[in-house]
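Student: The structure under discussion is supplied below as structure tokens; questions concerning it will follow.
The values are calculated or read from the model by the stated rules, or taken from the named source; none is laboratory data. It should be emphasised that the depicted structure is a prediction, and the values quoted were computed from it without experimental measurement. A quick note on method: Cβ atoms are made from the backbone with ideal geometry, for glycine too, and the neighbour counts reach across all protein chains shown. Areas reflect the complete protein model, heavy atoms only, side chains present, ligands, DNA and RNA absent. Shrake-Rupley method; radii C 1.70, N 1.55, O 1.52, S 1.80 Å.
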Amino acid sequence: LVWVIATSIAFYGVKGGIFALRTGLQWEVRGPPGSFIAGNNEIGFALLLVLPLLRFIQLQLHKRWQKHAMTGAMVLCLFSIVTTYSRGAFLALAVAALYLVWKSRKRSTMLLLLVLVTPLLFTMLPEKWFDRMGTIHTYEEDKSAMGRINSWWFAWNLAVDRPILGGGFNTFR
């Protein structure tokens, strides 16, 4: 089941990563049209959720070439996530990377890798990517961002006020 879930989503990550690298990271990666992961935010978060599953699969593999292939798939998925131009996926990736460093047994090696790779990646990204990420500071003006924040607060308040039923019976009273 993990293989099916991870490889089904990772297929689009690998495909998007190859596309991103071939086009010099100039174009936005999106999911398959008409699917639940069609948008840039959706594919970005789906790929983020699949990365730990790919790592789990990699730990189960025995042949060296298979492990390297899985590493390549994960790297291509990372390029896809960054080039979705999704601000939420970028923030989630940053938090996940810091968490990975924090929980790693080889914390100093992971931190060094992160410190060396991040500036290299940033030199490859186009100016329009930085323009898009720069709008994180003005999220109050973005209806899309505010809609998400309002829905998160709604869900949080339901979880606090109604921990058993949540949004179940009579949510809108």
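Student: Subtract the Cα-Cα distance of residue 113 and residue 139 from 0.36 nm times their separation in residues, and report this length gain in nm to one decimal. Before the final figure, lay out the partial values.
Tutor: On the way: separation 26, 0.36 × 26 = 9.36 nm, distance 3.06 nm.
Additional length available on full extension: 6.3 nm.
Student: If you build the convex hull over the alpha carbons only and average its shadow over all orientations, what do you get for segment 1-90? Give it in nm² to one decimal.
Tutor: Values: hull surface 22.5 nm².
Value for segment 1-90: 5.6 nm².
Student: Let me ask something else. Which loop-located trypsin sites (Lys or Arg not before Pro) does segment 82-121 contain, where loop means any DSSP state but H, G, I, E or B and the Cβ has at most 12 other Cβ atoms within 10 Å?
Tutor: Details: sites: 87, 103, 105, 106, 107; in loops: 105, 106.
Qualifying residues, ordered by number: 105, 106.
Student: Another question, then. Let me know the volume per residue of the alpha-carbon convex hull for the chain, in Å³. Please report the intermediate quantities before stating the final value.
Tutor: Details: hull volume 30.5 nm³, N = 173.
Normalising the Cα hull of the chain by residue number yields 176 Å³.
Student: Taking the highest mean first, how do the peptides 35-48, 130-143 order by number of other beta carbon atoms within 10 angstrom per residue? Before the final figure, lay out each step's value.
Tutor: Values: 35-48: 19.4, 130-143: 11.1.
By packing density, highest mean first, the sequence is 35-48, 130-143.
Student: So, one more: Please report, to two decimal places, log10 I(q)/I(0) for segment 52-111 at q = 0.18, 0.26, 0.30 Å⁻¹ as given by the Debye formula with identical point scatterers on the Cα atoms and no solvent.
Tutor: -0.77, -1.14, -1.14
Student: Give a residue-ordered list of calculated ³J(HN,Hα) values for segment 105-113 (Karplus: 6.51 cos²θ - 1.76 cosθ + 1.60, θ = phi - 60°; whole Hz; x for Gly, Pro).
Tutor: 6, 9, 4, 5, 5, 5, 5, 4, 4
Student: Over the chain, what percent of the accessible surface lies on carbon and sulfur atoms, probe 1.4 Å? Please list the in-between numbers first.
Tutor: On the way: 8160 of 11870 Å².
Whole-percent figure for carbon plus sulfur exposure: 69.
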